[in-house]
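Readers should treat all values here as calculations from the given coordinates under stated rules, not as data from a laboratory. Everything quoted here is computed from the prediction, not taken from an experiment. Glycine also receives a Cβ, built like all others from the backbone with ideal geometry; neighbour counts cover every protein chain displayed.
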Amino acid sequence: MHEFPVTEQIIKIAAEQAEKNNALKVTQINLVVGESSGFIGESIQMYFDIISEGTICKGAILKMENVKTKWKCPACDILYSRQPLSFACPNCGMDGLPTEIGREFYVQSIEIET
Ligand SMILES: [Zn+2]
């Protein structure tokens, strides 16, 4: 449900950019969605189809680049994806620390037709 306001925001950002560039329409919106961002791609797509109706973004392709969550080992200084039941570093077995990688959520770029 919390995808509704962020989808409105995505459309607003894309529409503003499109208008600045005198676009006729937005053809594609490229999003970066982290695995731990808390946002679900399918929900964004669903709201997008509804909210974009009647806007310059109608019919645009929503392309989502998914970013996998990464953990960092304090001993080895490596980044890794954790296993379902473990936080352990695959190299030394020490529990890793969460990083910002995987929390991303933003509009990377838009493609327009002028
Ligand atoms: Zn380690």
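At a glance:
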| read-out | value |
| --- | --- |
| Amide N proximity, the stretch 32-58 versus residue 113 label position 7 Å along Cα-to-Cβ, cut-off under 13 Å | 56-58 |
| Span per principal axis, largest first, for the Cα atoms of the chain (Å) | 55, 27, 16 |
| Within the chain, helix-based [θ] at 222 nm, where runs of 4 or more DSSP H residues each add -39,500 (n - 2.57), nearest 500 | -8500 deg cm²/dmol |
| Vicinal HN-Hα couplings computed from phi for the stretch 78-87 (Karplus, 6.51 cos²θ - 1.76 cosθ + 1.60; Hz; Gly/Pro x) | 9, 9, 8, 8, 6, 7, x, 10, 8, 9 |
| J(HN,Hα) series, the stretch 11-21, from Karplus relation 6.51 cos²θ - 1.76 cosθ + 1.60, nearest Hz, glycine and proline x | 5, 5, 4, 5, 5, 5, 4, 4, 5, 4, 9 |
| The chain, dipole about Cα centre (Lys/Arg Cβ +1, Asp/Glu Cβ -1), debye to the nearest 20 | 220 debye |
| Backbone N within the stretch 46-81 under 18 Å of label point (7 Å from residue 99 Cα along the Cβ vector) | 66-81 |
